[in-house]
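Every read-out reported here was derived from the displayed coordinates using simple, explicitly stated rules and does not represent laboratory data. Note that the structure is a prediction, hence the values are computed from the model and not measured. FYI the Cβ positions are ideal-geometry reconstructions off the backbone, even for glycines, and counts take in every protein chain you see.
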Amino acid sequence: MATAPRTQQVIDGIRSRIAARLLCAGDRLPSVRQSAARFGVSPATVVEAYDRLVADGVIQAVPRSGFSLATWPAPRPARRPTPPPRPCDRSVLGFAPVAGRERRGGDAGLRLAAGGLDAAGGAATRSA
């Protein structure tokens with residue numbers, strides 16, 4: 001039975017430590033040299049493994065500090081869903097349909113209920 005490549009063995013070793021909760025978000029990983037000695041591989045193998053883990057988003061490189069386990073942002077609280085818009089009730093706005101124009105589309109058949117201008121721009125007549 002063939003063994004996994006050494007780089008994959010390092011990756012699997014780190015992932016197993018994360019799964020076992022031995023490493024938590026934000027924890028620093030051992031240095032490249034320490035990991036190389038622990039896994040019995042060359043430092044170049046550990047660098048390749050760390051680079052793959054960075055590309056996967058599992059760890060992050062901290063300039064001049066080494067590598068640490070990635071910290072994921074805290075889940076955002078669920079936003080309340082916005083209620084659906086209410087149907088338009090034109091009577092609230094002071095508009096009333098003009099007789100004979102109910103079947104026309106748009107606002108052409110509307111006139112100010114309290115007086116003012118009709119849809120054609122003329123003076124609206126008040127009906128008692």
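Near the amide H of Leu23, within less than 5 Å, lie the amide hydrogens of Ile18, all on another chain or at least 5 residues away, with H placed in the peptide plane.
Excluding Val32 itself, what net charge comes from residues whose Cβ is under 15 Å from its Cβ, given Lys and Arg +1 and Asp and Glu -1? Net charge around Val32: +4.
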